[in-house]
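Notes for the one structure printed next.
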Amino acid sequence: MENLILENLDFGKYHGLGNDYIIINDIKWRIPEEKKVPLALKLCETHFSIGADGLIFVCESNNADIKMRIFNNDGLEAEMCGNGIRCYAKYIYENDIVRKDVITIETLKGILLAKLNIIDEKVESVEIDMGPPILKCEEIPVILDTLVDRCVNEKMVILDKIFNFTAVSMGNPHAVIFTEEEPNDNQLNMYGAAIESHDRFPNKINVEFVKVLSNKESIVRVFERGVGITKSCGTGACATVVAGTILGIFKDNTPILVHNDGGDLKITYTGKTVLMEGPIEKVFDGNIERAIV
């Protein structure tokens, strides 16, 4: 495979609650398909490049206003990303790619609706209709010892502990674990990595450890699939509220305040769809003089 040389490659760097992304307008650059993973690996590397949790491509869509593709920093293409799609919505509006305050965005999860809160021509926050959660075991996917349709409060032995987890997919899979104490970084790394790659999860899984503060508020710490500890995870916050509502922990059809390491999200599970609202910030625009992949 011949090397691809990209000169004066322009990009945007954005974050949603500390979950950071590089965004490239692929309508302009037309990066070959076989080069997208190598480019994600190269640009997301912290010490020798820009550094990020993931690389997002802006693509044309035949079915929506625009299409989003996202690759984690391990090169794995993710089905969806809650913080990433909010960053994406800000990027496409402020770069005059789609100038609407309500935008349809095609993702691997399907077409999602983004409502932009715009002040002085800047996108301050975005509400995403994330669609319905996926709860069937075979569709998440998760493998259980018993023949049940849903994975709710299932036991799992991990290293020296027994955890109860509920599996939810928001287009990407999550194992939600409610705990009395927040795990520290060492615990989050140790148990998160072991759960992420467990045999029960054929496509690996994102892991959320949740401390409940009330029936309307919680603290979530995240070990993200293919990334590790992250400041926040939008789909993880959504999965947390869905799991907590199913278990009777959270009040249904009510905004739940989710505290992430990087900041707060408001998540509402209506019983049919999940609404996620939160801020995003542009970090900087940049230009790579020469990239070889």
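Yes or no: I105 touching a helix residue (DSSP H, G or I) at 6+ places or on another chain (Cβ under 7 Å) and hydrophobic (A, V, I, L, M, F, W, C)?
Details: touching a helix residue (DSSP H, G or I) at 6+ places or on another chain (Cβ under 7 Å): yes; hydrophobic (A, V, I, L, M, F, W, C): yes.
Against the criterion (touching a helix residue (DSSP H, G or I) at 6+ places or on another chain (Cβ under 7 Å) and hydrophobic (A, V, I, L, M, F, W, C)), I105 qualifies.
Residues of the stretch 136-151 being crowded, with 17+ Cβ neighbours inside 10 Å and either in contact with a Ser or Thr (Cβ under 8 Å, 6 or more places away or on another chain) or assigned to a strand (DSSP E or B) (or both), which ones?
First pass over the stretch 136-151, keeping only residues crowded, with 17+ Cβ neighbours inside 10 Å: 137, 140-142, 151.
Within the stretch 136-151, I140, C151 qualify.
I need the full set of residues from the stretch 205-249 which are charged (D, E, K, R), free of Cβ contacts under 8 Å to residues at least 60 places away in the same chain and closer than 24 Å to L55 by Cα, in order please.
Our first condition is that a residue be charged (D, E, K, R); within the stretch 205-249, this holds for 208, 211, 216-217, 221, 224-225, 231.
Those left that are additionally free of Cβ contacts under 8 Å to residues at least 60 places away in the same chain: 208, 211, 216-217, 221.
Residues satisfying the conditions are E208, R221.
Among G51, G12, which is the only one that is small (G, A, S) and touching a Gly at 6+ places or on another chain (Cβ under 8 Å)?
Numbers: G51 fails: touching a Gly at 6+ places or on another chain (Cβ under 8 Å).
Result of the check over G51, G12: G12.
Tell me which residues, restricted to the stretch 177-214, are of a type in the set (S, T, N, Q), touching a Lys or Arg at 6+ places or on another chain (Cβ under 7 Å) and surrounded by 14 or more Cβ atoms within 10 Å (Cβ to Cβ).
Initial filter on the stretch 177-214 (of a type in the set (S, T, N, Q)): 179, 184, 186-187, 189, 197, 203, 206, 214.
Next, only the ones that are touching a Lys or Arg at 6+ places or on another chain (Cβ under 7 Å) stay: 179, 197, 206.
If the condition is that a residue be of a type in the set (S, T, N, Q), touching a Lys or Arg at 6+ places or on another chain (Cβ under 7 Å) and surrounded by 14 or more Cβ atoms within 10 Å (Cβ to Cβ), then T179, N206 are the ones that fit.
Among the residues of the stretch 1-48, count how many are out of contact with any strand residue (DSSP E or B) (no Cβ under 8 Å at 6 or more places or on another chain) and either surrounded by 13 or more Cβ atoms within 10 Å (Cβ to Cβ) or not charged (D, E, K, R) (or both).
Final tally of qualifying residues: 9.
Which of the residues belonging to the stretch 233-266 are under 14 Å from the mean Cα position of the chain (by Cα) and within 12 Å of E208 (Cβ to Cβ)?
Kept after step one, since they are under 14 Å from the mean Cα position of the chain (by Cα), are these residues of the stretch 233-266: 233-240, 260, 262, 265.
Listed by number, the residues that qualify are C233, G234, T235, G236, A237, C238, A239, T240, N260.
Anything in the stretch 116-134 that is touching a residue at least 40 places away in the same chain (Cβ under 8 Å), assigned to a strand (DSSP E or B) and within 16 Å of M170 (Cα to Cα)? List them, or say none.
Initial filter on the stretch 116-134 (touching a residue at least 40 places away in the same chain (Cβ under 8 Å)): 123-133.
Pick out the ones that are also assigned to a strand (DSSP E or B) and you get 123-129.
Passing the criteria: E127, I128, D129.
Only one of these is crowded, with 19+ Cβ neighbours inside 10 Å, among the polar types (S, T, N, Q) and in contact with a helix residue (DSSP H, G or I) (Cβ under 6 Å, 6 or more places away or on another chain): N83, N72. Name it. Outline the logic, then answer.
Values: N72 fails: in contact with a helix residue (DSSP H, G or I) (Cβ under 6 Å, 6 or more places away or on another chain).
Result: N83 is the single residue among N83, N72 that is crowded, with 19+ Cβ neighbours inside 10 Å, among the polar types (S, T, N, Q) and in contact with a helix residue (DSSP H, G or I) (Cβ under 6 Å, 6 or more places away or on another chain).
Let's see how each residue does on (1) of a type in the set (D, E, K, R); (2) over 15 Å from G18 (Cβ atoms); (3) surrounded by fewer than 24 Cβ atoms within 10 Å (Cβ to Cβ); (4) touching a Gly at 6+ places or on another chain (Cβ under 9 Å):
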{"position": "G236", "(1), (2), (3), (4)": "no, no, no, yes"}
{"position": "D252", "(1), (2), (3), (4)": "yes, yes, yes, yes"}
{"position": "H259", "(1), (2), (3), (4)": "no, no, yes, no"}
{"position": "L275", "(1), (2), (3), (4)": "no, yes, yes, no"}
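Every residue in the stretch 256-280 that is farther than 21 Å from G171 by Cα and without any contact (Cβ under 8 Å) to a residue 60 or more places away in the chain, please.
Listed by number, the residues that qualify are L257, H259.
Considering the stretch 10-28 alone, what residues qualify as being under 18 Å from G75 (Cβ atoms) and modelled with pLDDT of 95 or more? Let's see the steps before the verdict.
Here is the first cut: in the stretch 10-28, the ones under 18 Å from G75 (Cβ atoms) are 11, 19-24, 26.
Of everything in the stretch 10-28, those that are under 18 Å from G75 (Cβ atoms) and modelled with pLDDT of 95 or more turn out to be F11, D20, Y21, I22, I23, I24, D26.
Restricting to strands (runs of 3 or more DSSP E) lying wholly in the stretch 153-266: which have 3 or more residues that are touching a helix residue (DSSP H, G or I) at 6+ places or on another chain (Cβ under 8 Å)?
Numbers: elements: 154-158, 161-169, 173-178, 206-214, 217-224, 228-230, 256-260.
Fully inside the stretch 153-266 and qualifying: 161-169, 173-178, 206-214, 217-224, 256-260.
Take the stretch 125-167 and flag every residue that is of a type outside the set (A, V, I, L, M), more than 17 Å from P202 (Cβ to Cβ) and under 19 Å from the mean Cα position of the chain (by Cα).
Hits for the stretch 125-167 are S125, E127, D129, G131, P132, P133, T166.
Since Y93 meets every condition but one in (1) surrounded by fewer than 18 Cβ atoms within 10 Å (Cβ to Cβ); (2) among the hydroxyl-bearing types (S, T, Y); (3) farther than 26 Å from S169 by Cα, which condition does it not meet?
Y93 satisfies every listed condition except (1).
The values are calculated or read from the model by the stated rules, or taken from the named source; none is laboratory data. Note that the coordinates shown come from a computational prediction; the quantities given were computed from them, not determined experimentally. Ideal geometry is used to build each Cβ from the backbone, glycine not excepted, and the neighbour counts take in all protein chains shown.
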